[in-house]
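Comments concern the structure below.
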Amino acid sequence: MSPDAAQVAVITGAASGIGRALAVHYAGRGVHSVIGTFPGDPHDPEETLRQVKDAGGQAVIQEVDVRSTPSVDAFAQRAVDEYGRLDYAVANAGILRNSPLGEMTDDRWEDMLDVDLTGVLRTLRAGSTRMADGGAMVAVSSIAGGVYGWEEHAHYAAAKAGVLGLVRSVAAELGPRGIRANAVIPGLIETPQSLDPVNSLGPEGLQRAGRDIPWGRVGRPEEVASVIGFLTSDAAAYVTGQSLIVDGGLTIKMRA
Ligand code: NAD
């Protein structure tokens with residue numbers, strides 16, 4: 001592996017939202033991406049690729065289902081096969097579902113944790129065995145679970161809280177290899193996930209909630225992507241096992 005070659009990232013859930021914005025951010029920094037796309041969703045990975053190319057970058061598209069270990073292993077391997085190296089693994093893929101506690105069947109609970117917690121484990125694990133010493137990982141948590149509880153979303157919040165313990169432990173274990181692991185904790189970010197009025201706030205709910213955020217609006221995917229980019233960059237070379245809240249001040253405002 002040439003130390004002068006471009007760095008390479010794998011990003012799950014990169015056909016939309018924060019993951020797409022991250023691939024575009026990396027393109028601007030000369031980092032090549034493997035764009036993870038989940039065939040079960042209607043998002044368009046070709047649009048991510050188009051935006052990466054417009055930004056002067058390089059990327060390839062790879063299908064991945066984070067519920068499957070062989071699928072995630074093949075996804076991480078694509079970086080090595082295509083570009084000869086892997087430097088950054090970003091566990092961004094996630095789902096959000098609404099379920100009152102009394103209706104929280106074991107299946108609903110397990111389906112959620114399979115994607116939002118075990119899917120993160122699978123991604124970081126697959127990255128760790130292929131990554132050069134000195135690489136970096138980021139997992140995407142949420143203020144739901146990472147900071148707050150959220151009614152009718154106990155499974156989501158439990159998974160997102162679990163991500164923080166997972167990242168701290170991975171950071172402790174991989175520190176001696178010079179591999180860092182951190183989490184971001186997004187607040188309310190306008191993406192397909194939050195625009196879903198059934199499982200999340202929907203467009204009107206987001207607009208209403210935005211007025212109560214100190215920054216005056218909900219966040220944009222690029223505003224989370226740039227923080228993930230920072231956490232995987234040398235500017236964060238001594239930062240590991242941490243979680244960074246990206247929420248426009250949502251969680252620091254007291255509500256009387
Ligand atoms: P999004 O729905 O655009 O992105 C989620 C991505 O995950 C999608 O591309 C989807 O196809 C993919 N995905 C779903 N199931 C998958 C599976 N089994 N295997 C692989 N990929 C799968 O929404 P987003 O907001 O960009 O979400 C990115 C991350 O940010 C998620 O982990 C989400 O929970 C988290 N987050 C979002 C917000 C917000 O307000 N939007 C807040 C906190 C945390």
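Structure data summary
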item: Test: V64 is of a type outside the set (S, T, Y), crowded, with 19+ Cβ neighbours inside 10 Å and out of contact with any Ser or Thr (no Cβ under 7 Å at 6 or more places or on another chain); result: no
item: Count of residues meeting criterion [within 6 Å of the ligand (Cβ to nearest atom) and either open to solvent by 40 Å² or more (accessible area, probe 1.4 Å) or in contact with a strand residue (DSSP E or B) (Cβ under 7 Å, 6 or more places away or on another chain) (or both)] in the range 186-203; result: 5
item: Members of the range 79-105 that are within 14 Å of the ligand (Cβ to nearest atom) and either of a type in the set (A, V, I, L, M, F, W, C) or open to solvent by 40 Å² or more (accessible area, probe 1.4 Å) (or both); result: A89, V90, A91, A93, I95, L96, R97, N98
item: Residue that is nearest to Q77 (Cα to Cα) [pool: residues in the range 107-145 that are surrounded by fewer than 23 Cβ atoms within 10 Å (Cβ to Cβ) and touching a residue at least 60 places away in the same chain (Cβ under 8 Å)]; result: A132
item: The range 198-226 residues that are free of Cβ contacts under 8 Å to residues at least 12 places away in the same chain, paired with ones that are among the acidic types (D, E) and within 11 Å of the ligand (Cβ to nearest atom) (beta carbon under 7 Å, 6 or more apart); result: G202/D196
item: Within the range 141-172, considering residues that are within 16 Å of R125 (Cβ to Cβ) and among the aliphatic types (A, V, I, L, M), the one farthest from the ligand (Cβ to nearest atom); result: A172
item: Helices (runs of 4 or more DSSP H) within the range 110-183 that include 2 or more residues of a type in the set (V, I, T); result: 118-128, 154-174
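Conditions tested, residue by residue: (1) of a type in the set (S, T, N, Q); (2) in a helix (DSSP H, G or I); (3) modelled with pLDDT of 95 or more.
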{"site": "P3", "(1), (2), (3)": "no, no, no"}
{"site": "V10", "(1), (2), (3)": "no, no, yes"}
{"site": "G19", "(1), (2), (3)": "no, yes, yes"}
{"site": "Y26", "(1), (2), (3)": "no, yes, yes"}
{"site": "G36", "(1), (2), (3)": "no, no, yes"}
{"site": "G40", "(1), (2), (3)": "no, no, no"}
{"site": "H43", "(1), (2), (3)": "no, no, yes"}
{"site": "E47", "(1), (2), (3)": "no, yes, yes"}
{"site": "Q51", "(1), (2), (3)": "yes, yes, yes"}
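The values are calculated or read from the model by the stated rules, or taken from the named source; none is laboratory data. Everything numeric here is computed off the predicted structure, so don't read it as measured data. For neighbour counting, all protein chains shown are included, and Cβ atoms are generated from backbone atoms with ideal geometry for every residue, glycine included. Calculation scope for accessible area: heavy atoms of the full protein, side chains included, ligands and nucleic acids excluded. Shrake-Rupley method; radii C 1.70, N 1.55, O 1.52, S 1.80 Å.
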